[in-house]
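One structure below.
Here, each number is a calculation from the coordinates, and none is a lab measurement. What you are looking at is a predicted structure, and each value in this text was computed from that prediction instead of being measured. Note that we place each Cβ from the backbone using ideal geometry, even for glycine, and neighbour counts take in every protein chain shown.
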Amino acid sequence: MSPEQFASTGAALKWLLGLAWLLPLAGFCIEVLGGYWTDRRSRAPAWLAVGCIGGGFVLSTIAFVTWGSATHWGAFAVVDDHHGDAHARGQSPDAAPAAVTGAQAPAAPAEHGHPHDGPPHGHDAAHASSPYAFALSGSFYNLATFGGLSIDIDYYIDSLTIVMFMMVTLIATCIHLFAMGYMSDELTDNYEDHEVHLPGGRHFHRPGRYYRFFSYLSLFCFAMLGLVLAGNIFQVFVFWELVGVCSYLLIGFYVERKSASTAANKAFVMNRVGDFGFLIGLMILWTWFGTFRFANTDPAQPGAPGLFQMVRDADGHIHEHGAGLDRAVVLNDGLGGAAVDAASGQPRSIPFWLLIAAGLGIFAGCIGKSAQFPLQTWLPDAMEGPTPVSALVHSATMVAAGVYLAGRFYPMFVPEVLLVIAYIGCITLFIGATIAIVVTDIKRVLAYSTISQLGYMMLALGVGGWFAGLFHLITHAFFKSLMFLASGSVIHGCHHVQDMQEMGGLRRKMPITAWAMLVGVIAIAGLAIPTPWMAIAFSGYHSKDAILATSLAFMSQNRQHFLLFLLPLATAGITAFYMFRLWFMTFSGKPRNQHVYDHAHESPWIMLGPLVILSVFAAVCAVGGEGGPLARMLFASEPTQAVAGAAVAGTVAVNLPGHALIHEYHTTAGIAALLAALTGAVLSYVFYGAGLVNPATIRSQLSGLHSFLIEKWEFDALYDAMFVRPVHVVARWAQGFDQKYLDGFLHATGRAVVWISKWDRKFDETVVDRAVNVVGDATYAAGASLRRLQTGRLRQYVMFIAFGVLGLFLLMFAFLPR
Amino acid sequence: METVIFTIYALAACGGAIAVMVSQNVVRMAFWLVISLGSVAGLFFLLHADFLGATQLLIYVGGTVVLLIFGVMLTASGPMLTIRSGPGEVVLGGLVGLAVLGMLVFGMLSVDWESQQTRMYSAAAEEGRGERSMGYNPEGEGNTARRLGAALLGVRFDRDLGRNSETLSTGYLLPFEIVSVHLLVVLVGASYLARTKRRRPNPLEESLES
Amino acid sequence: MSDVGLTPYLIVAAVLFVCGIVCMATKRNAIGVLMGVELVLNGANLNLIAFSRYGQLGFDGQAIAMFVIVLAAAEAAVALAIVLNFYNNHLTVDVDQARQLNS
Amino acid sequence: MSPHLAELSLAERLSEVGWLGQSGALLAAALIHALLVGLFFGLPAFVFIWAERKISGRIQDRLGPTRTGGRFGWLQSLADGVKLVSKEDLVPAAADSMLFRVAPYIVVVASFAAFIVIPFSDGWIAQALDVGLFLGLAILSLEVLGIILAGYSSGSKWSLFGGMREAAQMVSYEVPLGLTAVIPVVAAGSLNLNEIANMQRGWAGHWLVFHDPFTFIAFFVFFTVTLASNKRAPFDLAEAESELVGGFHTEYSGMRWSFFFLAEYASMFFVSMLAVLLFLGGWWTGLPGLDEAVIAAVGGYPARVLGMVVLLAKSSILVCVQIWIRWTLPRLRIDQVMTTCLKYLVPISCFLFLGATIWPLVLLAVLGRPSVLPLGDEPIGARVVPAQAGLSAPAAGRNMATRVSRSTQEAEGSR
């Protein structure tokens, strides 16, 4: 891209996306300021919020078109090349993506039309020659500069940013629309909260908070979009925290409910734990790199590299030297050479272990935000928020932020870090899935499924499948928001009954919701109809297939890490099992609670409309699989090293699979995943759909395991024992110390002071006061004697003056020599 | 001729002043004061201070004395007009007055004004200031309004236009401004002091109300 | 045409001054005291102007006299207001009655 | 007279007469001046008293005096005067007799002395002072003292009320009087009435009343205020015969009573002349061609006489307007009089003063020239210069005594 083109496209995208980003903020300001004064029964705040976020979607779409035409749809052409390459080498047994891509291949523009039959790694070379070919970076505004630390509002726009923008705005728009219906209870001046019990058997009454809900939603969207648009890691951190605050506000929306406020606190505190690691990572990065920017792709500024460009060269390689603790990574200057420290003239480098620490620190933030293994317990509790909030948190915004950052920061992660990521994801996905089997609250099932799916994404990132992880992020966002909204519709229809054991047979009462939910279930379960040339499947199949293929490829390279494939594979089956369990328990069979069933009703169209839209997207957003438009968009932003794969022999020897290798295992993994999913689905039908086996018997036979799962793997108990109780014990000790020693010391001091002051008083009274009195008495006596002179008679004073003058004159005349 | 006029004015001024001192009726005192002050204004004219003479007439005779008579009439009812002081006081006052007068006259007669004046003139001539700096310009005698006004605005004709005047004197601009502010304050203060007071509430009524 | 000279003016001024002093010293009437003050100020003014004519005081004498006149007018206004106030409170203008602060 | 006389003051001319000597010449000149001023003081009073009676008669559909002195009763004032002089000089028993006797003299002296500063024609002025206007106002303000003393010393309630009213009214009206009188001074840049009048030479547009909008309004305010300061109707609260019998002059009769009226009519004439000199072009006709032609045709001295006639004519017209107003408007209440002054005239005159000060600056800033109309671009002070060259008084701006003493010094120096 030429500098002129870069500048013009950059400016256009900057303002399009910037406007899409700021619109919700404007909406928030108007809603939160205006809403308080307007009628509580007004729907205006909702329409405003929908308008803002919908406008954001429109602007994002325009930005997409702008970006595409500016790059002459080069991203699609490159992917075409890639697959062409793969075919030329005959390494891909999977014909389906090739056929699709071949059908959709646009005419390659001249500047991208390099020879197809180039060297074996021609695509990689072409890609590597310009790793940020479609990325635009720049700055909105310089907030402050402290010495070398420049804090800017930057932007970094590549295809991932644009995809995220479109995804977030689209899903958020749907959720806003849904929430307009869902939250209509709040359109009153006197809302009765049935969950809050006051003494005397009454319920808590308060004014409706419709406007407040939508203002929070707007702020949430603003924060998430800002995070996606951010061009430096510090800015990401700022919006990261803002997202945390918004989730806190929204989870604790029913603040009067004890459970809600506790859940909000829990989410907030857990996130802070992760953010602490994030902060450490930030410090390391700034200390050693001196900048926060991701990458500087502006051709007009060649010598000002961002973080990615400093760590990795154009081919995605890390240049390092030394071994052990002396192992260090040489920083690039962005021009092809090594960066030189301006002060000492030495080449700049960063110790390898610090790079690991920085990566782990940043990833700690992702753990907290995306509810990964040690910090996953906040997410189920976050179900205390209204269902639209859950949908937003679980699909497009909050948890997506963690995966997004891990993907965005991918170039900074060395293989050691990636391995940690992979194992964390692996553990998480298994834990989440197993708990989801036993949970009966419809929203909690979805919550645990979210944890599990996030684990999948992290796993994919960790095993080198950058594309697979983010692909799953997008598809998951669609079907998970769909399912949440559907569950919200069910809850709304059942008058806030959430337990699946109270439901059943609702398919007849709310058919549209049921079918929409079924679309989501199939999508997440990864069911597909395999055909010889391509699999007819919903979006989830494609992305999960990609993840499993990557992890299979990884396992093929690193046999010792076999769990990283086997656990996800098993979990794929479990996923299908619990998701179908949810559907069967809710929608099929006989009603378990006749009262609930009788009063259940289909939701209004304002809620069903988003469901329909989202089901369409959940079904077809990943159409074409890895050759589809969504995949191509993502491929265009894939970091170079993820494309090629790498064999690393360091502290831990890991071989990361490249695209070519992944393709080899694609079919195998797909078949395995499909089989696992089918197994899970059939089992689920056996247990819950057809009722052939009574789940209760299984539960009683495995009661130990069941209670372990019900207790969420005892994590809360574990944390209670590990952190809360010790703190209590220490606090008691501290209290005892305070009472015994500090208070005693203070009392003794006080008594001593009282004693001293007693003596001081005596001294004051006898010595000081007497002295003062003597002075006062003397003054008084003098005044009394002089008082006689002060007659107050004006005329006498005049006489005094005259006499005085005369006296002075006589004195002068008599005594002064003339 | 000037001596005759001076004699008339001086006699009127001194006579008026003595009459003020002697007379017991306040309004008559005011009348004699007018005579005295008016004659002093005449003396000012004789001394070629015409602006000051006019000011004296306008402010003292036209303003202050009217004010005084006002005060007399507002405060005095019949017997109050003549508050006599004791004869002892009068005698003592007279004696002191005579003593002070003697002192002053003695003092001023003991100075040789003529030689002082010649010495000053010669000193001024030596310094090169010439006759201009002695008093004011004889050419403009009697017409001091412009020069006084200019001095009040910060320009001194007799200094700034001389030969050795590299720097401008500031004249009386600052005192002028201070005096104008002072006048304003006095105006406000006097009207505040002299305003009609609200009648003091009757304590009996107050106690009844409470 | 003979000049009067400085001394006669000074004598007249001294007479005015002394009359003013005696007025202030002997009059029990507050307004009489005020008139005494005016006389004193006039005596001083006459001195100033006489010196500005015959002495080295020059033009400054007139300017100072000017300020004296203005301030005297201000003083008269305030003093009269005070006298009126005094009269309102005591129904007399006898300065010898103004002794409330004395014991 | 010859131009020679016009270049010298009266005293200098007389000092050439050998047997008089310096002092004698000065005394004689002073006497002549006093006589002339006295004429101007006395005659108008007689004329205007007669005029008032005639005009009031006509206004009230009467004839007024008809018999005395033949036609029109033009000697009526003289007859009145003779009658008053021949009356007994009464002093009430309750009166403070000394003050009662002195008060009319103060009034008369004050309004008589005010004429000292009036230039009757170019250079024809008893005492040419730079502070002429200022001194005139100062002397005029002395008149009130006599009124107050008269009111007090009469020993009568009516008189005291009249005197107090007059005092309050005068003290209040001094303020707008001074302020409005200063407005033409601001425009002209001089306190010297002779100079101010000479600055209005030329066509009538040069009259200060037409100088700018503020002086235009100021003229009417000035005229109104002078009515009050002369206690003319509708501001004649001090005499208010319907309430106070005769006000401050209730107890007076005969000669002393006539002094008050002499002073009143002289003051009317004085303030009218002041208004003419300040605002209405003084002795200039307002037709530059006519003025120049007359000066060229008859020379300096007769031209001055004609100028004096012009001035007197203008002043008389103003006096007639005062009379006209007196017999047209009803008397105000005293509170209305004070309200008119303190709430209206003082703020108005302050505003006018401010406006007149700022006006030339605004004109210079906006139009770039000191006047609204493009003609007459020269500064207003420049109009005096040609007048001085041909017509100004030799002693203009100088004290008569100084002039004499300087010529004496020259004579001594030559010896």
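In µm²/s, what is D for region A:692-818 at 25 °C and 0.890 mPa s, where D = kT/(6 pi eta Rh) by Stokes-Einstein and Rh is the Kirkwood radius from Cα pairs?
Working: Rh = 25.7 Å.
Stokes-Einstein gives a translational diffusion coefficient of 96 µm²/s.
Here region A:195-242 has an Rg and Dmax of 17.8, 55 Å, counting Cα atoms alone. Roughly how many nanometres apart are two label points built 7 Å out from the Cα toward the Cβ at B:L95 and D:L31? Label at B:L95, label at D:L31, 5.1 nm between them. From least to most packed, judged by other beta carbons within 10 angstrom and beginning with the fewest, A:I367, C:I69 follow the order C:I69, A:I367. If I model chain A as equal point scatterers sitting on the Cα atoms and use the Debye formula, what is log10 I(q)/I(0) at q = 0.07 Å⁻¹? Log10 I(q)/I(0), no solvent term: -0.56. Of the Cα atoms belonging to region B:1-51, the radius of gyration and Dmax stand at 11.7, 36 Å. The relative contact order of chain A comes to 13 percent, based on Cα pairs under 8 Å that sit 6 or more residues apart.
When the helices in chain C are scored as -39500 (n - 2.57) per DSSP H run of 4 or longer and the sum is shared across all residues, what 222 nm value do you end up with, to the nearest 500 deg cm²/dmol? The partial results should precede the final answer.
Numbers: 3 runs with 78 residues, N = 103.
That calculation yields -27000 deg cm²/dmol at 222 nm.
Apply the Debye scattering formula to region A:717-784, with a single equal point scatterer on each alpha-carbon and no solvent, then give log10 I(q)/I(0) at q = 0.11 Å⁻¹. One equal scatterer on each Cα of region A:717-784 leads to -0.57. How much FRET efficiency would the formula 1/(1 + (r/R0)^6) give for A:H706 and A:R272, where r is the Cβ-Cβ distance and R0 is 35 Å, rounded to 0.05? With a Förster radius of 35 Å, E is 0.60. Label reach from A:A752 (point 7 Å along Cα→C-beta): in region A:724-744, amide nitrogens under 20 Å belong to A:738-744.
What full-extension length gain, to one decimal in nm, is calculated for D:L287 and D:V305 as 0.36 nm per residue of separation minus the Cα-Cα distance?
On the way: separation 18, 0.36 × 18 = 6.48 nm, distance 1.70 nm.
Length difference between fully extended and current span is 4.8 nm.
Could you list, in their original order, any pairs among D:K54/D:K87; A:K369/A:K590; A:K258/A:K712 whose Cα atoms are separated by more than 31 Å?
Details: D:K54/D:K87 25 Å; A:K369/A:K590 39 Å; A:K258/A:K712 21 Å.
A:K369/A:K590, as the Cα separations exceed 31 Å there.
One decimal place: the segment D:T68-D:M98 gains 7.2 nm when fully extended, by the rule 0.36 nm per residue minus the C-alpha distance. Once the Cβ-Cβ distance of D:C350 and D:K157 is raised to the sixth power relative to R0 = 45 Å, the FRET efficiency obtained is 0.80.
How big is D for region D:20-414, in µm² s⁻¹ as a whole number, if Stokes-Einstein is applied with the Kirkwood radius of its Cα pairs at 20 °C and 1.002 mPa s? Don't skip to the end; give the middle numbers.
On the way: Rh = 22.4 Å.
The calculation lands on 96 µm²/s.
Normalised by the number of residues in region C:1-54, the mean separation of alpha-carbon contacts (under 8 Å, six or more apart) gives a relative contact order of 44 percent. With contributions of -39500 (n - 2.57) from each DSSP H run of at least four residues, the per-residue ellipticity at 222 nm computed over chain A stands at -21000 deg cm²/dmol. Counting only Cα atoms, the size of region D:214-328 along its three principal axes is 56, 36, 19 Å, in decreasing order.
Mind pulling up the Rg/Rh value for region A:288-411? Radius of gyration and Kirkwood radius, both on Cα.
On the way: Rg = 18.6 Å, Rh = 16.7 Å.
Radius of gyration over Kirkwood radius for region A:288-411 works out to 1.11.
A:T287 to A:L335: FRET efficiency via 1/(1 + (r/R0)^6), r the Cβ-Cβ distance, R0 41 Å, to the nearest 0.05? The value I calculate is 0.95.
Using only alpha carbons, chain C has a radius of gyration to Kirkwood radius ratio (Rg to Rh) of 1.12. Using a simple spin-label model with pseudo-atoms 7 Å out from Cα toward Cβ, B:E177 and D:A79 lie 6.7 nm apart. The label-point distance for A:A782 and A:A731, in a model that sets each label 7 Å from Cα toward Cβ, rounds to 6.7 nm. Charged neighbours of D:M255, selected by a Cβ distance under 11 Å, balance to +2 (K, R count +1; D, E count -1). Among residues other than D:L280 with Cβ under 14 Å from its Cβ, the summed charge is +2 (Lys and Arg +1, Asp and Glu -1). For A:V399, neighbours were defined as the other residues whose beta-carbon sits under 11 Å from its Cβ, and their charges (Lys and Arg +1, Asp and Glu -1) total +2.
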